[in-house]
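Participant: Dumping the structure here so I can ask a few things about it.
What follows is calculated from the coordinates using simple rules that are stated; it is not laboratory data. Keep in mind that this is a model prediction, so the values were computed, not measured. Every residue, glycine among them, receives a Cβ derived from its backbone with ideal geometry; neighbour counts consider all protein chains shown.
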Amino acid sequence: MSFCFNFDVPAETTNSADGNELRNREKQSAAKSEDDTKPAEPVKEAKEHLPLSDPQLLLMDAVTETVAIGTLPPLHFLNETVFEKTASEREDGERILSRTAEQRSDLISGVYEGGLKVWECTYDLLELIEKDGETFGGKAVLDLGCGAGLLGILALKRGAKQVHFQDYNSTVVEQLTVPNVMLNCQEDDEVDSEDDKEEGRGKGKIQEEDGCKKKVKEKQDENPPPKKRAVDLSQQPLLAKCRFFSGDWSTFLALVKKEDPQPKYDIIFTSETIYNTAYYPTLHETLHKLLAPGGLVYLATKSHYFGVGGGLHLFETFVEQRGIFSLDHLWDGEEGLQRHVVVLRFKVAKDT
Ligand SMILES: C[S@@+](CC[C@H](N)C(=O)[O-])C[C@H]1O[C@@H](n2cnc3c(N)ncnc32)[C@H](O)[C@@H]1O
């Protein structure tokens, strides 16, 4: 049997019990035979995640990093090493923690799309935002393919009226995005207390890089400070502005389109999400349907993704052929860096 990415969807659909039974058996046998070779996964259904989990558990063995760029508020996030260290104790229903460890891979197409670490183009976009002075006040923002969610978190801290976070993997959303948002929601008055400043605890070291005060890494205490455990989500006004989604873009779009009113975003961030050309149609459709008239899509990307095949040139060509968006370069990395930040906007302002 040849490998089929979406083997969960049968060629012939049937509603009979026998048909379902057969499908289940096919799925089981396909899963068995494909298991050790290539990933064989159904398209991930979108779902919304409510940030109700116990923060103490989520921040278990947390090692946090802080990004501090110029005048931007500091952004805190869990270092990905925590997932390696505590994989066996974590819920891993998607088996992405074990599989990425086994395969030593940052990305397993259709299984794990790379959200557990912060990818470098995110920093490029943060720096650009810092230079441009965008404040996000009162805006509806989507961090599409958010991973750690730093871009959405920045918008949240800078006054966005709502921020929605989407990642392919539910494990990423539950165990990284949500905890990071929670860390940042409490950070101003807790993690960055004056005491900490004096003692030099809980802060990252600011490094001068490319003329910009950039990030920072610092290991925090192995155990999270007690105050982090006491967080009351219902009392978090910033968190109340957030929603969290996992799943494939096609199913995410279908899910939010059912809402009344359907969400439209003034700003969509998407960083390092165009590495796979097979995803371009659903990505483009998602941007098309969810961007508000007059809205902006900020895309941060490498020129080319070796081994996966996508990249900016191919995406630009795709966008041009569709004829929906104009695309302008906001920043092109110096020679050798091959990284870019571009902005997409509707060619013709839409009324709806
Ligand atoms: C390489 S990671 C980048 C994560 C983050 N934006 C960053 O820059 O650190 C790519 C992200 O794109 C998202 N993604 C890729 N393909 C997707 C798809 N077909 N459907 C939904 N999300 C997808 C995943 O959520 C994944 O986290």
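Participant: So who's got an amide H within less than 5 Å of the one on Ala292, skipping anything under 5 residues away but keeping other chains? H placed 1.01 Å off N, in plane.
Facilitator: Placed amide hydrogens put Tyr265, Asp266 under 5 Å from Ala292.
Participant: Also, I was wondering about something else. Order the peptides 294-302, 78-86, 175-183 from the highest to the lowest mean number of other Cβ atoms within 10 Å of their residues.
Facilitator: By packing density, highest mean first, the sequence is 175-183, 294-302, 78-86.
Participant: Label Gln103 and Glu130 with points 7 Å out from Cα along Cα→Cβ: what is the distance between them in nm?
Facilitator: My value for the distance between the label points is 3.4 nm.
Participant: Oh, and also: For the range 270-350, what value does the Rg/Rh ratio take when both radii are computed over Cα atoms and Rh is the Kirkwood radius, given to two decimals?
Facilitator: When Rh is taken as the Kirkwood radius, the ratio is 0.96.
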